[in-house]
Amino acid sequence: MHMMTKMAVVGLVLLSAACTRPDRFTDGSNVGGAGGGLDQAGVNDPQSPQFFTQTIGDRVLFSSDSSSLTEQGKVVLAGQAKWLTDNADYLAIIEGHADEQGTREYNIGLGFRRANAVREFLVAQGVPETRMRVTSYGKERPTQICSEESCYAQNRRAVTVISIASLS
Amino acid sequence: MLTRLLILLCAVIFAGPINAQTGPLRLTITDGVIEPLPFAAPVFQAENSAAQTAAADLTRLVAQDLSNTGLFREIPPSAFISQHASFGQTVAYADWRAVNAQALITGAASVSGDQLSVKFRVYDVFSGAELGQGLQFTGTVSGWRRMAHKVSDAVYSRITGETGYFDSRVVFVWESGPKDKRLKRLAIMDYDGANVQFLTDSAALVLAPRFSPTGDRVLYTSFESGFPRINVLDVASVGRRQLQTAPGEMAFSPRFSQDGQQVIYSLSNGGNTDIYRGDLNSGASTRLTQAPSIETAPSLSPNGSQIVFESDRSGTQQLYIMGANGGEARRISFGDGRYGSPVWSPRGDLIAFTKQNKGRFHIGVMRTDGSEERLLTASFLDEGPTWSPNGRVIMFTRETQGATGTSSLYSVDISGRNLRPVPLQGGASDPSWGPLQP
Amino acid sequence: MQSPGVYISAIGHTGLIGWLILGWGLSSDPLPFDVADVSVVSTEEYAALVAATTPQPGVADPPAPATPEIEDAPSTPEPESAAPEVSQPEQAEAPDDETPPPEPPTPPEPPADVIETTPTLAQPEAQATPDLAVSDQPQARPADRVAPVPVAPPPPEADISDLTALAQTADPLADVVSQEPEQDATAPQEAATQIVTEADEPSGAVTSSIRPSARPSRPAPQPQVAEDTSDDDALAAALADALAGADSGPAPALPAGPPLSGSEQDGFRVAVSRCWNVDTGSEAANVQVTVAFDLSRDGKVSGQVRQIASSGGSGNAVETAFQAARRAILRCGAKGFDLPAEKYDHWKAVELTFDPSSMRLR
């Protein structure tokens with residue numbers, strides 16, 4: 001069952017990937033998931049990207065060296081899944097991040113794990129695999145710059161960055 | 001020797017029992033001192049007036065190269081009895097012994113147009129003998145630093161019996177801007193931090209450049225597309241191209257094989273990171289690890305037969321060694337804490353690594369079987385060791401703590417001595433030490 | 001372990017990569033790269049030179065005896081002879097032409113600013129490494145020098161010397177040497193008993209590092225190395241001993257009284273140790289070398305210091321180890337070793353084995 005899903009997923013990814021440019025997702029500032037440039041409506045408009053990033057929440061946090069979703073995180077992701085289902089024109093890039101406690105390469109791998117955990121959850125919630133891509137910035141893009149747990153906790157994150165695009 | 005034995009036998013037979021000679025006094029010395037070897041480098045003779053500045057500069061830089069190793073200590077010229085004015089003159093060893101110089105370097109420089117020639121000699125003062133023969137280099141005046149490094153390499157090699165590392169370059173990531181908006185660009189410099197030149201702009205995040213074995217190309221990870229991808233850059237032309245991977249796959253942490261034709265790297269797909277080997281010419285790639293864990297930071301042994309890498313398959317980051325074509329991996333790190341970014345030494349006998357333990361980072365070395373682990377540094381964040389071409393010195397990234405934290409490059413002798421910052425004006429990280437230049 | 005899905009994924013991807021790369025791969029010619037020689041000595045010539053001037057490891061006896069030939073070095077050969085082709089057309093390519101200042105795609109700041117970093121050069125001159133100073137070891141003190149016996153830092157005005165009180169006994173010129181002529185006695189250079197790295201934790205708290213904190217005990221293996229060698233003297237001596245023993249039992253009339261006492265031997269050992277500089281990070285630190293030399297009645301080295309055995313390490317490393325051993329003997333024996341004159345016959349010939357194995361992990 002799980003295997004079948006995976007195979008289907010792989011097929012879909014290969015197909016879709018072959019006809020979409022990866023960098024199409026990333027025009028403008030995808031870093032930090034601020035959703036810059038997507039300001040056509042207010043925070044209260046459920047169709048707006050601002051609603052997604054601010055009301056639903058565009059990110060989930062992780063504990064140290066972990067890629068397990070928290071209960072709180074799952075609530076946020078369920079909201080994201082619903083929004084993405086309702087707004088089928090949007091694509092999402094899920095960025096995994098790590099705090100600075102770790103080596104550069106490992107943190108990139110860890111970021112991928114986190115991003116992938118989010119993607120798998122969203123897929124399970126019905127968001128088509130083809131609308132999502134994952135990437136990892138490791139520890140290269142912290143949002144908080146102090147060297148304390150309070151900052152680290154904010155930096156250990158996966159951010160869902162949405163952008164409008166149509167599938168080929 | 002047979003003859004000597006025969007003579008001895010005859011002597012014994014014919015002379016009959018004689019007074020036995022007392023054998024030599026045999027002792028074993030196990031304790032020594034570890035200290036920089038004092039050397040004297042009187043200012044190189046300027047053979048014409050145009051060479052005045054060059055001669056002084058060359059002498060300074062040679063002395064500085066040697067002193068910076070921590071293996072040598074310069075005797076201040078003010079202590080000299082004789083200044084060794086003329087290059088060709090007989091060396092007054094007694095004068096140099098009296099100031100405790102164990103090695104003496106003399107030289108001369110001449111300038112003609114934009115051509116600079118430097119010649120030098122090295123002496124073992126206490127043996128009263130020259131080490132090797134005089135040598136001369138010629139180049140341009142503006143290239144005087146490289147000539148000085150070449151002199152230093154030759155001196156180093158004659159005194160230590162090992163090759164030097166002064167005429168070498170380091171590719172690294174130049175950093176600027178605050179921590180949360182850091183700009184990074186590839187740069188190259190002389191081993192001592194001089195002659196910094198940029199190889200890329202700061203438009204895209206770039207990470208972890210790695211020199212090719214001959215120093216002509218650099219592999220690095222770029223986020224130009226928003227996804228980590230491996231680029232290969234030609235140092236001379238600054239031309240670059242991207243190694244293609246399938247969409248959905250992210251490649252990073254590359255290193256060249258010894259022949260410069262292949263790349264070993266990490267590839268992430270679906271949250272899993274494994275190690276691959278790819279051919280730069282044919283584009284063919286092979287997957288070398290098959291674990292659901294993070295396998296990354298591969299580094300080939302100098303003979304190309306093995307790969308050391310890090311994996312968290314045991315639950316935490318540890319070091320493993322496998323064959324160059326994958327297969328069974330053997331764990332080699334067993335101490336407390338986490339181990340990452342291993343690099344095989346050019347000599348082949350040691351592996352440098354980053355260790356994380358009790359909230360501190362260390363650069364350390366261990367033998368390839370994991371024994372004799374030695375931690376060389378300790379700080380808030382040390383990582384990413386790279387070996388000098390002779391396997392004697394390790395350069396690495398040190399990042400300071402806090403909101404204003406910055407990165408800089410440090411070097412340390414593999415004995416753990418002589419920790420020192422690489423003088424650069426600005427932030428820097430991810431050094432990769434290139435080969436000795438031809 | 002792996003699900004078929006993963007395999008299919010891998011195969012699919014590999015295929016895709018292959019397809020994608022092939023197109024790209026065809027255009028990947030080996031990149032031409034000009035390398036300019038900085039020296040008139042080409043790589044081959046240089047290698048040849050180095051090879052020619054590197055002492056052959058097999059040659060135990062260095063050409064230069066300790067003292068007599070000091071004034072020798074007559075009319076040092078012109079270095080030009082070492083590198084005859086001084087002026088070569090290749091010189092047109094300057095060493096730094098090799099790396100034409102790469103054109104940064106869009107350099108925000110002019111590279112020229114960075115290329116000349118002369119001011120920073122002064123920095124590495126600093127002898128003390130700041131980080132070492134910060135570390136807080138209560139017991140082990142980082143010092144530039146590591147010696148068997150710890151030595152307190154000298155009074156600031158003292159002239160640091162390698163040989164204690166060398167200035168006292170040195171010829172009158174030594175006073176000129178010293179920067180403070182009025183200061184006759186030189187202080188021994190500050191030394192710690194082990195290498196203190198930044199990673200060494202205070203109060204001996206052990207990380208997992210395997211490094212022994214104390215040096216191994218002294219009992220040094222008698223140099224069996226010496227026996228392995230086919231050296232004439234060693235064999236001859238052994239043979240003589242054997243013959244003497246066989247012929248007349250215990251050596252009959254020993255020329256001098258009792259052999260050196262333990263403390264006398266220790267004194268001699270320490271006297272040499274003080275000048276034996278071990279580079280623990282070098283390959284020579286893997287080499288055990290045995291050298292032989294003769295002493296005159298005043299305790300000074302007479303004749304050459306010869307290498308008679310070695311084990312471990314490559315040719316270059318052995319040569320380096322030998323040179324360090326010879327330097328130790330010549331330096332610390334310059335004024336004559338302090339040995340009991342009445343036992344001269346026991347120490348007129350000496351064989352010292354230098355074993356750095358316990359130093360390596362300091």
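The values are calculated or read from the model by the stated rules, or taken from the named source; none is laboratory data. These numbers were taken from a predicted model, which means no experiment stands behind them. Positions of Cβ are backbone-derived with ideal geometry, glycine not excepted, and every protein chain shown enters the neighbour counts.
Structure above, values below:
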read-out	value
Qualifying position, being of a type outside the set (Lys, Arg), out of contact with any Pro (no Cβ under 8 Å at 6 or more places or on another chain) and facing chain C (nearest Cβ under 7 Å), among B:Phe126, B:Phe166	B:Phe126
Qualifying residue in region A:104-113 (condition: more than 10 Å from chain B (Cβ to nearest Cβ), within 28 Å of B:Asp274 (Cβ to Cβ) and not in a strand (DSSP E or B))	no
Residue list for region A:131-152, restricted to those being among the β-branched types (Val, Ile, Thr) and not in a loop (DSSP other than H, G, I, E, B)	A:Val134, A:Thr135
Residue within region B:77-86 that is in a strand (DSSP E or B) and either more than 8 Å from chain C (Cβ to nearest Cβ) or within 23 Å of B:Ala54 (Cβ to Cβ) (or both) present	no
Filter result for the condition that a residue is within 30 Å of C:Asp279 (Cα to Cα), of a type outside the set (S, T, N, Q) and part of a strand (DSSP E or B), over B:Ala154, B:Ala108	B:Ala108
Qualifying residue in region B:410-422 (condition: within 8 Å of chain C (Cβ to nearest Cβ), over 27 Å from B:Arg169 (Cβ atoms) and without any contact (Cβ under 8 Å) to a residue 24 or more places away in the chain)	no
Residue among A:Thr135, A:Thr103, A:Thr160 that alone is touching a residue at least 60 places away in the same chain (Cβ under 8 Å) and either touching an Asp or Glu at 6+ places or on another chain (Cβ under 9 Å) or among the polar types (S, T, N, Q) (or both)	A:Thr160
Answer from C:Ala292, C:Ala309, C:Ala284 - the residue that is in a strand (DSSP E or B), among the small types (Gly, Ala, Ser) and at the interface with chain B (Cβ under 8 Å from one of its Cβ atoms)	C:Ala292
Matching residues, region C:270-310, being surrounded by fewer than 18 Cβ atoms within 10 Å (Cβ to Cβ) and either over 20 Å from B:Ser127 (Cα atoms) or touching an Asp or Glu at 6+ places or on another chain (Cβ under 6 Å) (or both)	C:Val270, C:Asn286, C:Arg297, C:Ser302, C:Gly303
Any hit, region C:312-323, residues being surrounded by fewer than 22 Cβ atoms within 10 Å (Cβ to Cβ), within 30 Å of B:Leu375 (Cα to Cα), at the interface with chain B (Cβ under 7 Å from one of its Cβ atoms) and modelled with pLDDT of 90 or more	no
Selection status of B:Asp369, of a type in the set (Asp, Glu) and over 30 Å from B:Gly315 (Cα atoms)	no
Check on B:Thr404, more than 7 Å from chain C (Cβ to nearest Cβ), of a type in the set (Ser, Thr, Tyr) and surrounded by fewer than 22 Cβ atoms within 10 Å (Cβ to Cβ)	yes
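Conditions (1) part of a strand (DSSP E or B); (2) touching a Lys or Arg at 6+ places or on another chain (Cβ under 8 Å), marked per residue:
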position	(1), (2)
B:Ile188	yes, yes
B:Gly193	no, no
B:Ala203	no, no
B:Pro209	yes, no
B:Ile230	yes, no
B:Arg241	yes, no
B:Ile264	yes, yes
